[in-house]
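Visitor: Here it is, the structure, as structure tokens.
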């Protein structure tokens with residue numbers, strides 16, 4: 001197991017560094033629209049290397065490497081993805097694809113992003129199904145489960161730290177944490193009550 | 001695999017898709033409540049293991065629903081769950097993009113966004129709370145969770161490195 005872990009890790013970090021040392025242009029110039037093939041390829045490779053979250057890789061590829069979006073457009077797209085249901089990066093792939101190639105563009109970007117991770121995950125899951133009862137594997141999974149809980153806590157903390165500090169925003173965040181986490185109320189109930197209240201409070205305190 | 005019907009899987013995730021504001025991490029408590037506590041599709045330990053697998057692998061976090069589909073109905077379950085989870089939200093995003101661009105300068109747009117983000121922050125923290133409660137049964141496990149969170153926030157350590165380290169630590173059998 002140790003050897004396998006190690007080779008997996010080396011392969012993964014190899015992908016990571018391969019992605020990191022691509023030539024990067026920071027002048028912010030936008031390139032002309034991409035071809036359909038380039039769109040698919042870009043999202044496909046984004047999917048392959050995006051261990052531990054797609055977002056940093058998406059920004060690097062779309063803004064800095066391909067320059068299909070300016071930094072502002074990227075933030076704008078992400079914010080929009082944030083307030084709509086669905087994962088930010090999936091939503092971003094739909095928006096970006098639609099912008100250059102309509103519905104087909106959305107489909108290409110989405111399937112490019114999902115294809116490789118889906119196959120990798122199914123292989124991992126089959127491995128887990130076959131070896132999941134082996135104590136050593138179970139022990140490793142126990143360890144990674146503890147760490148991945150910590151990673152989600154870290155994402156939450158980072159979002160909290162970026163949020164404008166006020167009684168109303170912190171109060172709403174605390175209530176939604178209590179409702180969905182500690183009290184285990186249904187998500188729809190928590191959203192249905194808190195979202196209108198929170199938007200109202202944001203409107204009251206707008207600059 | 002205990003053979004849930006594909007339509008049962010599709011219906012659950014089609015509905016979940018439209019409430020997953022903020023992405024898949026946000027609905028982890030809801031999925032745990034529905035699928036583990038109410039419907040009994042899998043045990044709590046199995047659920048947490050799937051979440052852990054999905055975090056360790058590359059790709060969007062939404063693929064956790066593919067793993068859940070795989071667990072209860074094999075590869076077709078994985079496809080159905082993933083497509084059901086992504087289709088309604090993607091159609092909504094596609095339509096909404098055109099609508100939203102018409103109000104680029106409207107002040108209410110920033111207000112709506114700020115309000116929703118406050119709720120989302122609490123929901124992500126709730127996900128972290130539920131995962132921690134389910135995954136950690138020893139003090140060492142709590143320590144690993146805390147250390148992973150701390151390093152992730154303070155040092156830009158690659159998440160894969162944290163997961164690999166925790167996996168090796170897990171090999172001792174004390175987590």
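Visitor: Which residue out of A:23, A:17 is modelled with pLDDT under 65, part of a helix (DSSP H, G or I) and surrounded by fewer than 14 Cβ atoms within 10 Å (Cβ to Cβ)? Before the answer, list the steps.
Guide: Values: A:23 fails: part of a helix (DSSP H, G or I).
Result: A:17 is the single residue among A:23, A:17 that is modelled with pLDDT under 65, part of a helix (DSSP H, G or I) and surrounded by fewer than 14 Cβ atoms within 10 Å (Cβ to Cβ).
Visitor: Which of the residues belonging to the stretch B:142-152 are surrounded by fewer than 17 Cβ atoms within 10 Å (Cβ to Cβ) and either closer than 16 Å to residue A:158 by Cβ or touching a helix residue (DSSP H, G or I) at 6+ places or on another chain (Cβ under 7 Å) (or both)? Break it down into steps so the answer makes sense when it comes.
Guide: Applying the first criterion (surrounded by fewer than 17 Cβ atoms within 10 Å (Cβ to Cβ)) to the stretch B:142-152 yields B:143, B:146, B:150.
B:146, B:150 - these are the residues of the stretch B:142-152 that are surrounded by fewer than 17 Cβ atoms within 10 Å (Cβ to Cβ) and either closer than 16 Å to residue A:158 by Cβ or touching a helix residue (DSSP H, G or I) at 6+ places or on another chain (Cβ under 7 Å) (or both).
Visitor: Have a look at B:48, B:19 and point out the one that is closer than 17 Å to residue A:148 by Cβ, touching a helix residue (DSSP H, G or I) at 6+ places or on another chain (Cβ under 7 Å) and within 12 Å of chain A (Cβ to nearest Cβ). Give the steps one after another, and end with the answer.
Guide: Numbers: B:19 fails: closer than 17 Å to residue A:148 by Cβ.
Step by step, each of B:48, B:19 is checked, and only B:48 is closer than 17 Å to residue A:148 by Cβ, touching a helix residue (DSSP H, G or I) at 6+ places or on another chain (Cβ under 7 Å) and within 12 Å of chain A (Cβ to nearest Cβ).
Visitor: While we're looking at this one, here's another question. Report, by residue number, each residue of the stretch A:156-171 that is within 7 Å of chain B (Cβ to nearest Cβ), modelled with pLDDT under 85 and surrounded by fewer than 23 Cβ atoms within 10 Å (Cβ to Cβ). Spell out the reasoning first.
Guide: Start the filter on the stretch A:156-171 by keeping residues that are within 7 Å of chain B (Cβ to nearest Cβ), which leaves A:156-160, A:163, A:169.
When the remaining residues are screened for being modelled with pLDDT under 85, the result is A:156, A:158-159, A:163.
Answer for the stretch A:156-171, where residues must be within 7 Å of chain B (Cβ to nearest Cβ), modelled with pLDDT under 85 and surrounded by fewer than 23 Cβ atoms within 10 Å (Cβ to Cβ): A:158, A:159, A:163.
Visitor: List the helices (runs of 4 or more DSSP H) that sit entirely inside the stretch A:115-207 and contain at least 2 residues that are within 20 Å of the chain's Cα centre (by Cα).
Guide: Numbers: elements: A:135-162, A:167-177, A:187-204.
Here the list reads A:135-162.
Visitor: Does residue A:103 satisfy the criteria of being modelled with pLDDT of 90 or more, more than 18 Å from the chain's Cα centre (by Cα) and in a helix (DSSP H, G or I)? Lay out the reasoning, then the answer.
Guide: Details: modelled with pLDDT of 90 or more: yes; more than 18 Å from the chain's Cα centre (by Cα): yes; in a helix (DSSP H, G or I): yes.
Yes; evaluated as a whole, the condition is true for this residue.
The values are calculated or read from the model by the stated rules, or taken from the named source; none is laboratory data. Model, not experiment: these values are computed from the prediction. Neighbour counts run over all protein chains shown; Cβ positions are idealised from the backbone, glycine included.
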